[in-house]
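The values are calculated or read from the model by the stated rules, or taken from the named source; none is laboratory data. As the structure is a computational prediction, the values presented were derived from the model and not from experiment. In this analysis, Cβ positions are derived from the backbone assuming ideal geometry, glycine residues included, and neighbour counts consider all displayed protein chains.
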Amino acid sequence: MAEPLFRRLTLLGIGLIGSSIARIAAERGDLAAEVVANARTQATLDRVMELGIADRVELDPVRAVEGADCVILCAPVGAYAVLAEAIAPHLAPGCILSDVGSTKQSVIRDVGPLVPEGVHFVPAHPLAGTEYSGPDAGFVTLFEGRYTLIVPPPGTDEEAIERVAALWRRCGSMVERMEPAHHDRVLAIVSHLPHLLAFTICGTADDLADESRSEVLRFAASGFRDFTRIAASDPVMWRDVFLNHREALREMLARFLEDAQAMARAVRWGDAGYIEDKVERGRKIRRSLIELKQA
Ligand code: NAP
């Protein structure tokens, strides 16, 4: 077994993502010699101890980060600023502070200025998830074959970036670097807009008159069913993603609405060629995803 990358790894938040990292650390033994978990509630920490996926739990984030050489924020992004403010003065010199948040410009804006001299701030985002949350939702293969994007602000220490990349590679991820603004635009289209559409379509179905609503549920064809899976995601996490990602999300939504208008027009005028072309493009994208093993 390789040497552990870190002496003490602290996970601030131990839900789907944090507990998957903890499970991998427990199984492999080469991420960190010790894993400390922190959450908002004692109930979650009790569950973490029952599951046996951390060496130690701490309800107080300050105590959780003491002596850690790597700290990863794994809470909803809206909680980062308060957490970072609390822990910043207690981070050991040379410590790496990373995160897994779904938005990156907001994280760099909120957390970056709080990071003390001598601490390396290396934001990251694993592109892996499910609609489940909490410490029971994690699993060791969550990141396998999935990309993790490392999104360091300019001037970040290269060695620290490499250590975070090594951690994600040991978690099974393929690692790439990306600019923060580019990350947010890409994520708006591949993840955040689809979630926005799923939440909206489920709301529309739910607003239907009682009779039609029960039929939606009884006869849900795969199209609607697939939307409901995405729409089952955690409300706090997604509230925070939307609120911390306004610009890129609004830009992609405006583009989408224009395209949806064009499709509505094609339907109205019976433009079969336009409709067929759009469906064909959808099929092509799906085929490419399958070929890239990302389906
Ligand atoms: P989750 O399963 O809902 O877990 C969230 C964890 O954060 C819980 O342990 C929770 O503690 C803790 N927490 C919540 N509010 C907190 C606060 N104010 N202060 C401290 N801890 C707090 O969430 P998740 O799905 O793992 O997501 C975590 C992060 O990963 C988010 O930033 C999200 O954007 C990012 N992400 C998610 C996905 C996905 O598909 N889910 C994918 C990639 C990245 P309690 O249990 O005690 O409330």
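The table that follows gives values for the structure above.
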read-out	value
Complete set of residues in the range 83-115 that are within 29 Å of MET49 (Cβ to Cβ), surrounded by fewer than 20 Cβ atoms within 10 Å (Cβ to Cβ), more than 12 Å from the ligand (Cβ to nearest atom) and of a type outside the set (Gly, Ala, Ser)	PRO89, HIS90
Hits in the range 1-32 (condition: more than 16 Å from the ligand (Cβ to nearest atom), assigned to a helix (DSSP H, G or I) and among the charged types (D, E, K, R))	GLU27, ARG28
Condition met for VAL77 (among the β-branched types (Val, Ile, Thr), in contact with a helix residue (DSSP H, G or I) (Cβ under 9 Å, 6 or more places away or on another chain), more than 10 Å from the ligand (Cβ to nearest atom) and within 28 Å of LEU187 (Cβ to Cβ))	no
Residue in the range 86-108 that is part of a helix (DSSP H, G or I) and either closer than 18 Å to GLY134 by Cβ or among the charged types (D, E, K, R) (or both) present	no
Evaluation of ALA68 against (1) more than 9 Å from the ligand (Cβ to nearest atom); (2) farther than 24 Å from LEU127 by Cβ; (3) surrounded by fewer than 24 Cβ atoms within 10 Å (Cβ to Cβ) (one fails), failing number	(3)
Conditions (1) β-branched (Val, Ile, Thr); (2) under 20 Å from ILE21 (Cβ atoms); (3) surrounded by 14 or more Cβ atoms within 10 Å (Cβ to Cβ): number failed by THR141	(3)
Subset of the range 130-157 (residues that are at positive phi and within 16 Å of the ligand (Cβ to nearest atom))	GLY134, GLY145
Test result for ARG255, in contact with a helix residue (DSSP H, G or I) (Cβ under 9 Å, 6 or more places away or on another chain), more than 23 Å from ILE21 (Cα to Cα), modelled with pLDDT of 95 or more and surrounded by fewer than 14 Cβ atoms within 10 Å (Cβ to Cβ)	yes
Meets criteria (part of a loop (DSSP other than H, G, I, E, B), within 19 Å of PRO153 (Cβ to Cβ), touching a residue at least 12 places away in the same chain (Cβ under 8 Å) and more than 10 Å from the ligand (Cβ to nearest atom)) for GLY118	yes
Set VAL175, VAL216: member being within 15 Å of the ligand (Cβ to nearest atom), on the phi < 0 side of the Ramachandran plot and not small (Gly, Ala, Ser)	VAL175
Residue match in the range 40-54 (condition: away from the ligand (no atom under 11 Å from the Cβ) and under 18 Å from LEU167 (Cβ atoms))	yes
Members of the range 245-293 that are outside any helix (DSSP H, G or I) and in contact (Cβ under 8 Å) with a residue 24 or more places away in the chain	HIS245, LYS293
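One line per residue, one yes/no per condition, for (1) over 22 Å from the mean Cα position of the chain (by Cα); (2) among the small types (Gly, Ala, Ser):
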| residue | (1), (2) |
| --- | --- |
| LEU5 | yes, no |
| ARG8 | yes, no |
| GLY18 | no, yes |
| ILE24 | no, no |
| VAL35 | no, no |
| ASP46 | yes, no |
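Yes or no, residue by residue, for (1) surrounded by 11 or more Cβ atoms within 10 Å (Cβ to Cβ); (2) away from the ligand (no atom under 16 Å from the Cβ):
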| residue | (1), (2) |
| --- | --- |
| TRP238 | yes, no |
| GLU247 | yes, yes |
| ASP271 | yes, yes |
| GLU276 | yes, yes |
| VAL279 | no, yes |
| SER288 | yes, yes |
